[in-house]
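A.B. asks: Following this message is one structure expressed as structure tokens.
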Ligand code: SF4
């Protein structure tokens, strides 16, 4: 099997320094919605300048280069042991090249490992064998500030008056947006998972964000709720950075999971505007970056 | 857009109001969780005895921070091996983590402003009135752009805390910020929190 360390390094560089076009487009569109001369508009203009600059100079879009989350979809015949070793080698290299800030801190002893390699879970890698000839590696760099304002609710939630149905889901998601204020570097993107256990629910709430901005859930009920949550979140007037304004949430993605009869979790993952996710595809000899 | 250069006088600070856009220039120092904890424990509450170069750094900080600004930032820095440091990415980090420490640090060192993101709480707001000082909000995530305003990295203290946590002494030119907490008790964060809560309550009642 092919050694992909260099290709993965390039994937990391692109993810850290070049925001995906669909996210950039949304941010540019939102500038027009904010009043001329407002601090909200100024913030969005600075954000767009920053996107251009980091892409041109191959420097990180944000100094918090986030938790590296890899999704590897591999056809039969690839070794996950080798792929994992290559991902880890590429991560170390990317840190040396300053595409990544040293971001792995031992939670018990408080020391920074210096190379973005923590224990077995840092970087986080999910392997999935697929029926295809192509190998696809997706990478998300998930910021810490926005992770801190992500929330999980166990329904019913009496504080918000949320029952175990989609109406209740709507209420807790709106509550999470209000509580986040600008602290997750608004405008943000919401990933919502309904159901699961506490662990799978949070994981799926991130996974659902890999899909493109503006694509809707196949289930019309969830698709409608996605649209409604984006609209109602923006009515709260929190705005970019919490300065006040019309742009608080750029898009909402929802996924439904199975749950135990006893539990009804709603996980709301908040991602900052620096929504860094990129893809690498290996198609025979061909290497394709999105 | 007002232009302000460090060191900043009390008059200039008192003149600033919530919502003012400012371009900052001059020398400032980065500090986040480890640095704040270290300053409080070693020099302000004195619950920990100074070790290594602590006292030497303290003397330098007293001069550097007097009238100056603390920046909540954990940068990406090149030149770590050659000591020819350059900031590559340097946006603000979440400030609220320094809430237990900030007011005391501002008063102790006569710091005239802190730059960060997300705003801070009641204790810091009171510290802003007493010092006097203000909270400057930078654009979170605009790291490459803000790094360009850093024209010189003149020193670094406590590099053993790790690159993000070390205290970097930098000189900036036209660093853009918005005043979101002023020295008169005004806080944009409290205002937006309240107004958005009102809308939320209406939405939840539907
Ligand atoms: S929340 Fe996102 S944009 Fe803000 S500092 Fe963290 S990674 Fe950067």
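All of the numbers you see were taken from the coordinates with simple rules; none came from a lab. Treat the numbers as computed from the prediction; the structure is a model and nothing was measured. Every residue, glycine among them, receives a Cβ derived from its backbone with ideal geometry; neighbour counts consider all protein chains shown.
A.B. asks: How high is the relative contact order of chain A, given as a whole-number percent (alpha carbon pairs under 8 Å, six or more residues apart)?
C.D. replies: 24
A.B. asks: How far is the Cα center of the range B:114-129 from the Cα center of the range A:132-161, in Å?
C.D. replies: 29
A.B. asks: From the Cα gyration tensor of the range A:215-290, with a ≥ b ≥ c the square roots of its eigenvalues, which class applies: rounded if a/c is under 1.5, or else prolate if a/b is larger than b/c, or else oblate?
C.D. replies: The shape class here is oblate.
A.B. asks: For B:156-165, what's the mean count of beta carbons from other chains sitting within 10 Å of each residue's beta carbon? Please report the intermediate quantities before stating the final value.
C.D. replies: Working: counts 0, 0, 0, 0, 1, 3, 9, 5, 7, 3.
Across B:156-165, the average partner-chain Cβ count within 10 Å equals 3.
A.B. asks: Can I ask one more? What is the extension gain from residue A:231 to residue A:80, computed as 0.36 nm multiplied by their sequence separation minus the C-alpha to C-alpha distance, in nm to one decimal?
C.D. replies: Answer, rounded to one decimal: 50.2 nm.
A.B. asks: Taking chain A as a Gaussian network, Cα atoms linked when under 10 Å apart, which of A:102, A:20, A:75 shows the biggest mean-square fluctuation?
C.D. replies: Per the Cα network of chain A with a 10 Å cutoff, A:75 tops the list.
A.B. asks: Can you tell me the orientation of helix A:220-235 relative to chain A, as the angle in degrees between its alpha-carbon axis and the longest Cα principal axis, to the nearest 10?
C.D. replies: Roughly 70 degrees, rounded to the nearest 10.
A.B. asks: Here is a further query. Return the percentage of antiparallel bridges among DSSP beta bridges fully within chain B, rounded to the nearest 5 %.
C.D. replies: 60
A.B. asks: If you count, for every residue in A:168-174, the Cβ atoms of partner chains within 10 Å of its Cβ, what is the mean?
C.D. replies: Numbers: counts 0, 0, 3, 4, 1, 0, 4.
Per-residue shielding by partner chains comes out at 2.
A.B. asks: For n ≥ 4 DSSP H runs only, could you compute -39500 (n - 2.57) per run for chain A, divide by its residues and tell me the 222 nm figure to the nearest 500?
C.D. replies: -11500 deg cm²/dmol
A.B. asks: Report, in degrees rounded to the nearest 10, the 0 to 90 angle that the Cα long axis of helix A:5-17 makes with the longest principal axis of chain A.
C.D. replies: 30
A.B. asks: What is the angle, in °, between the Cα long axis of helix B:188-205 and the longest principal axis of the Cα atoms in chain B? Nearest 10 is fine, range 0 to 90.
C.D. replies: 40
A.B. asks: Additional query: Relative contact order for the range A:145-271: what percent, with Cα pairs under 8 Å and sequence separation of 6 or more? Present the calculation step by step, with values, prior to reporting the outcome.
C.D. replies: Values: 267 pairs, mean separation 52.5, N = 127.
Computed over the range A:145-271, the figure is 41 percent.
A.B. asks: When chain A is treated as a GNM, springs tying every alpha-carbon pair under 10 Å, which of A:17, A:258, A:267 comes out with the largest mean-square fluctuation?
C.D. replies: A:258
A.B. asks: I'd like the distance between the alpha-carbon centres of the range A:223-267 and the range B:32-105, rounded to an integer number of Å.
C.D. replies: 37
A.B. asks: To continue, here is another question. Running a GNM on chain A with Cα contacts under 10 Å, which residue among A:19, A:135, A:190 ends up with the highest mean-square fluctuation?
C.D. replies: It is A:135.
A.B. asks: Another question, then. Principal axes first, then extents: for the Cα atoms of chain A, list largest minus smallest coordinate on each axis, whole Å, largest first.
C.D. replies: 53, 52, 42
A.B. asks: Compute the Kirkwood hydrodynamic radius of the range A:14-117, taking the inverse of the mean of 1/r over all pairs of distinct Cα atoms, and give it in Å to one decimal. Let's see the in-between values first.
C.D. replies: Values: mean 1/r = 0.0616 Å⁻¹.
Kirkwood hydrodynamic radius for the range A:14-117: 16.2 Å.
A.B. asks: Wrap a convex hull around the Cα atoms of the range A:185-224, take a quarter of its surface area, and give that in square nanometres.
C.D. replies: So the mean shadow area of the Cα hull is 3.6 nm².
A.B. asks: Expressed as a fraction of 2.2 N^0.38 Å, the rule-of-thumb size for a compact globular protein of N residues, what is the C-alpha radius of gyration of the protein assembly as shown?
C.D. replies: Compared with the compact-globule rule of thumb, the protein assembly as shown sits at 0.98.
A.B. asks: Divide by every residue of chain B the summed helix terms, -39500 (n - 2.57) for each DSSP H run of at least 4, and state the resulting mean residue ellipticity at 222 nm, rounded to the nearest 500 deg cm²/dmol.
C.D. replies: The helix contribution divided over chain B gives -10000 deg cm²/dmol.
A.B. asks: How would you classify the range A:64-143 from its alpha-carbon gyration tensor, with a ≥ b ≥ c the square roots of the eigenvalues: rounded for a/c under 1.5, else prolate if a/b is greater than b/c, otherwise oblate? Don't jump to the answer; show the numbers that get you there.
C.D. replies: Numbers: a/c = 2.29, a/b = 2.08, b/c = 1.10.
Note, shape of the range A:64-143 comes out prolate.
A.B. asks: What does the average come to when, for each residue of peptide B:92-101, you count the partner chain Cβ atoms lying within 10 Å of its Cβ?
C.D. replies: Other-chain Cβ atoms within 10 Å of each residue's Cβ, averaged: 3.
A.B. asks: Thinking of chain B as a set of Cα atoms, what percent of all their pairs are more than 22 Å apart?
C.D. replies: The share of Cα pairs beyond 22 Å in chain B comes to 47 percent.
A.B. asks: Another question about this same structure. First check a/c for the range A:145-271, with a ≥ b ≥ c the square roots of the eigenvalues of its C-alpha gyration tensor; if it is under 1.5, answer rounded, and if not, answer prolate when a/b is larger than b/c or oblate otherwise.
C.D. replies: Because a/c hits 1.5 or more and a/b exceeds b/c, the range A:145-271 counts as prolate.
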